[in-house]
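Only one structure is covered here, and it is reproduced in the block below.
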Amino acid sequence: MIKTLKIILALTFLLPAALASASLVTIDSTTPNVGWNYWDTSILNTPGKFAYWNNRTSDASRSNIGFYLTGTGAFGPGGAYYDQRPIPTPGNIPFWGIDTGTNTGAADPRFYVNSQTKSDVVLKLELASWRNYNSFGYYFDVSDVAHSQVTLFDALDNPGETAVINYLPNTEFGFFFVAKDGKKYFTNSGFNSNTVRSEQHFALFAETSGSYWVAVEDTGFRYGSDRDYNDFVVKITPMQIFAPPPTPVPEAGVGVLFLTGLSGIIAYRRWKRFL
Ligand SMILES: [Ca+2]
Ligand SMILES: [Ca+2]
Ligand SMILES: [Ca+2]
């Protein structure tokens, strides 16, 4: 009995922690029918199938963002980009987009992020002939896009370099990208340069850990784009900056208990009754 209760107690502590990390970042969008899309690695065998980022690339074959995240194709053992694979490999994690109806798997033309913390950003991949020219950042005032842009990585930054997104309390923010040809892209694609307006050049993938990946396509869809979304890829990890104060332990002598929530306290009291 005690053993079972200990397991319940352990799960009670783990669950709020998991929920807390998952809720550090939310996605803001007013587009109908959007949500997280789950995908099977088999779609990668058929370019154009299901996901808007699943296309034939002009880099080494089988290297779009789906192959990168799953460490397969050109990112698998013996592949042309094996040494650029992510470690650990996040796998076929869900992407943000239309998730119901006839357009399931299509891009959401407008989305923002809302984070409860500041975040670590790591530049992970640049598979693009424009890699020494492109730049990337975020905009923190969606009503004043022109004056609220913060560049995180400029043209000569390379994979492995890091940056930080400052804590933006209760603020929607988006990402922007400036390509070699001067075209500018935003996660709200209505702000894009004239000739590429409303094209979604970002793909957002989420890990259960709370980290997320932003993958960018750097070429306008009417200007020879291959829509492989591997041209510029970052991993973003929210950092918990406000630790809740520790809850006083009601009685001494039962060991050190890290009770962080009401459910933990209730579980503890129920456990005590069995002693
Ligand atoms: Ca670069
Ligand atoms: Ca591309
Ligand atoms: Ca590419």
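Looking only at the stretch 21-79, filter to residues that are aliphatic (A, V, I, L, M) and closer than 30 Å to TYR167 by Cα; which one of those is surrounded by the fewest Cβ atoms within 10 Å (Cβ to Cβ)? Selected residue: ALA22. Filtering the stretch 144-196 to residues that are away from ligand 1 (no atom under 16 Å from the Cβ) and among the acidic types (Asp, Glu) leaves ASP144, GLU172. For the stretch 202-229, the candidate set comprises residues that are within 14 Å of the chain's Cα centre (by Cα), in a loop (DSSP other than H, G, I, E, B) and not hydroxyl-bearing (Ser, Thr, Tyr); within that set, the residue that is surrounded by the most Cβ atoms within 10 Å (Cβ to Cβ) is GLY210.
With respect to PHE95, determine if the residue is modelled with pLDDT of 95 or more, closer than 21 Å to TRP36 by Cα and buried (at least 17 other Cβ atoms within 10 Å of the Cβ). Here the answer is yes, as PHE95 does meet what is asked. Residues that are in a loop (DSSP other than H, G, I, E, B) and within 16 Å of ligand 3 (Cβ to nearest atom) within the stretch 230-241 comprise ASN230, ASP231, listed in sequence order. One residue stands out in the stretch 64-100 among those that are under 28 Å from ASN188 (Cβ atoms) and part of a loop (DSSP other than H, G, I, E, B): the one that is nearest to ligand 2 (Cβ to nearest atom), namely ASN64. The residue that is farthest from ligand 3 (Cβ to nearest atom), among those in the stretch 124-160 that are surrounded by fewer than 20 Cβ atoms within 10 Å (Cβ to Cβ), of a type in the set (Gly, Ala, Ser) and under 21 Å from the mean Cα position of the chain (by Cα), is GLY137.
ARG85 fails exactly one of the following numbered conditions: (1) out of contact with any Ser or Thr (no Cβ under 7 Å at 6 or more places or on another chain); (2) in the same structural domain as ALA155 (by TED's automatic domain parsing); (3) among the charged types (D, E, K, R). What is the number of that condition? Result: ARG85 fails condition (2) only. Output yes when any residue across the stretch 107-123 is surrounded by 17 or more Cβ atoms within 10 Å (Cβ to Cβ) and within 16 Å of ligand 3 (Cβ to nearest atom), and no when none is. Within the stretch 107-123 (the criterion being surrounded by 17 or more Cβ atoms within 10 Å (Cβ to Cβ) and within 16 Å of ligand 3 (Cβ to nearest atom)), the answer is yes, since at least one residue qualifies.
The values are calculated or read from the model by the stated rules, or taken from the named source; none is laboratory data. Keep in mind that what you see is a predicted model, and the values were worked out from it rather than measured. Reconstructed Cβ throughout: ideal geometry from the backbone, glycine too, with neighbour counts over all protein chains shown.
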